[in-house]
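As structure tokens, the structure follows; a few thoughts come after it.
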Amino acid sequence: MQVDLLDAVEIFLDKLTPAELAKTLRTIDLLEKFGFELGLPHSRHMSDGLLELRVRGKRELRIFYCFNKNKVTLLHACVKKTEKTLERDLKLARSAQIQLQ
């Protein structure tokens, strides 16, 4: 399955440490390979077609994505600092998702 990145995700990836980037790219490869079939612990459905790619490590990384016309679009990425996903990050991901449609 083809994976597209929005500019905000590319900028986020550029700021990661080499170890974090390697782990993130491996998880994106899993998404590319398994698509809709990818589930926990790597992927979790949030709401309304919005999903999160979960990268575990010293820092918890989240990349929000959606399926759009037989491809995956990575919409927004963040470092998760609290137990609960920040509403601000969800809003940014949802607005990017709406712009795709």
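Derivation of every value follows stated rules applied to the coordinates shown; laboratory data play no part. As the structure is a computational prediction, the values presented were derived from the model and not from experiment. So basically every Cβ, Gly included, is an ideal-geometry build from the backbone, and we count neighbours across all protein chains shown.
Overview of results
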{"item": "Residue match in the stretch 1-18 (condition: of a type in the set (S, T, N, Q), touching a residue at least 60 places away in the same chain (Cβ under 8 Å) and at negative phi)", "result": "yes"}
{"item": "Cross-chain or 6+ apart pairs with Cβ under 8 Å, the stretch 29-51 first and touching a residue at least 24 places away in the same chain (Cβ under 8 Å), then surrounded by 14 or more Cβ atoms within 10 Å (Cβ to Cβ) and among the charged types (D, E, K, R)", "result": "Met46/Glu52; Asp48/Arg94; Leu50/Arg94"}
{"item": "Complete set of residues in the stretch 1-19 that are within 14 Å of the chain's Cα centre (by Cα) and of a type in the set (D, E, K, R)", "result": "Asp4, Asp7, Glu10"}
{"item": "Residue that is nearest to Leu92 (Cα to Cα), among those in the stretch 1-43 that are of a type in the set (Phe, Trp, Tyr) and surrounded by 13 or more Cβ atoms within 10 Å (Cβ to Cβ)", "result": "Phe12"}
{"item": "Options Glu20, Glu32; residue that is farther than 16 Å from Val79 by Cβ and assigned to a helix (DSSP H, G or I)", "result": "Glu32"}
{"item": "Filter pass, Glu60 being within 20 Å of Leu92 (Cα to Cα), of a type outside the set (Lys, Arg) and exposed (fewer than 13 other Cβ atoms within 10 Å of the Cβ)", "result": "no"}
